[in-house]
């Protein structure tokens, strides 16, 4: 595997750029509000995500985050769906292993299969109401990022910068290697999610996977690769 070429300075500049765009009313904050919502059920009330009282809110929370992050573009089949389409997915999330909220990049080596299985479960849940629907890796990983925060979103920019396009062991090892070679600087960031009501910081922190997501997205946006 190639060596990482993205230096400490490169990571810091990417983070500065991304966070400068993360204000309470801009779209990058949509991740914060979605993640805050689903994380609020962890660890004791995960099943309530799909309860009668919460199912509609859960669908809307996920749906708006995905729309804000480009998943309802004209070419997407989601554009033809209502938020009710997400009910099977919300039910799947409500029954998901609580370990998925614990996993972060530093624990990937013990959890490759759990992450891969989760991606498969999300794909199947998305197809329950439309078997012809073929969820992309971008959609699946944006859902995993917004709900569990345990994997970067494999969109075009991130994939171009990291060379990772599929949720498999090879790709996860590549992300883990990037973390391992930049552990000190990545661990130095302590970023709290934004609160929708106040616009201020919550007690919930970004995981390392989210930080790597921001670096990879920004590098890809600038046409740069993180590996030699």
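From 79, 100, which residue is surrounded by fewer than 18 Cβ atoms within 10 Å (Cβ to Cβ) and part of a helix (DSSP H, G or I)?
One residue alone meets the criteria, 79.
What number goes with the only condition from (1) farther than 27 Å from residue 170 by Cβ; (2) in contact with a helix residue (DSSP H, G or I) (Cβ under 6 Å, 6 or more places away or on another chain) that residue 132 does not pass?
That leaves (2) as the condition not met.
List the number of the failed condition for residue 123; all other conditions in (1) within 20 Å of residue 165 (Cα to Cα); (2) part of a loop (DSSP other than H, G, I, E, B) hold.
With (1) within 20 Å of residue 165 (Cα to Cα); (2) part of a loop (DSSP other than H, G, I, E, B) applied to residue 123, the lone miss is (2).
Identify all residues within the stretch 1-15 that are in a helix (DSSP H, G or I) and over 19 Å from the mean Cα position of the chain (by Cα); write none if there are none.
8, 9, 10, 12, 13, listed by residue number.
Could we say that residue 29 is buried (at least 18 other Cβ atoms within 10 Å of the Cβ) and within 27 Å of residue 156 (Cα to Cα) here?
Spelling it out, residue 29 is indeed buried (at least 18 other Cβ atoms within 10 Å of the Cβ) and within 27 Å of residue 156 (Cα to Cα).
Among the listed residues 84, 8, identify the single one that is touching a residue at least 60 places away in the same chain (Cβ under 8 Å) and touching a helix residue (DSSP H, G or I) at 6+ places or on another chain (Cβ under 7 Å).
Within the list 84, 8, the selection yields 8.
Can you name every residue in the stretch 126-147 that is closer than 15 Å to residue 66 by Cα and either in contact (Cβ under 8 Å) with a residue 60 or more places away in the chain or in a loop (DSSP other than H, G, I, E, B) (or both)?
The answer is 135, 136, 138, 139, 142, 143, 145, 146, 147.
Of the conditions (1) touching a helix residue (DSSP H, G or I) at 6+ places or on another chain (Cβ under 6 Å); (2) surrounded by fewer than 23 Cβ atoms within 10 Å (Cβ to Cβ); (3) at pLDDT 95 or above; (4) not in a helix (DSSP H, G or I), residue 225 clears all except one; give me its number.
(3)
Counting just the residues of the stretch 24-42 that are in contact (Cβ under 8 Å) with a residue 24 or more places away in the chain and under 20 Å from residue 221 (Cβ atoms), which one comes out nearest to the chain's Cα centre (by Cα)?
The residue in question is 31.
If we keep just the residues of the stretch 148-179 that are touching a strand residue (DSSP E or B) at 6+ places or on another chain (Cβ under 9 Å) and assigned to a helix (DSSP H, G or I), which is surrounded by the most Cβ atoms within 10 Å (Cβ to Cβ)?
For the stretch 148-179, the residue satisfying everything is 162.
Determine, yes or no, whether residue 198 is in a loop (DSSP other than H, G, I, E, B), more than 18 Å from residue 15 (Cα to Cα) and over 14 Å from the mean Cα position of the chain (by Cα).
The answer is yes for residue 198.
Filter the stretch 50-63 for residues that are surrounded by 16 or more Cβ atoms within 10 Å (Cβ to Cβ) and either closer than 19 Å to residue 28 by Cβ or out of contact with any helix residue (DSSP H, G or I) (no Cβ under 7 Å at 6 or more places or on another chain) (or both) and give the result.
61, 62, 63
Here is a yes/no grid of residues against (1) in contact with a strand residue (DSSP E or B) (Cβ under 6 Å, 6 or more places away or on another chain); (2) modelled with pLDDT under 95; (3) farther than 17 Å from residue 153 by Cα:
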site	(1), (2), (3)
23	no, no, yes
66	no, no, no
75	no, yes, yes
82	no, no, yes
86	no, no, yes
104	no, no, no
108	no, no, no
124	no, no, yes
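I'd like to verify a number: residues in the stretch 108-123 that are within 16 Å of the chain's Cα centre (by Cα), closer than 21 Å to residue 178 by Cα and free of Cβ contacts under 8 Å to residues at least 40 places away in the same chain, how many?
Total meeting the criteria: 1.
The values are calculated or read from the model by the stated rules, or taken from the named source; none is laboratory data. As the structure is a prediction and not an experimental result, all values here were calculated from the model. All Cβ positions, glycine included, derive from the backbone under ideal geometry; neighbour counts span all protein chains shown.
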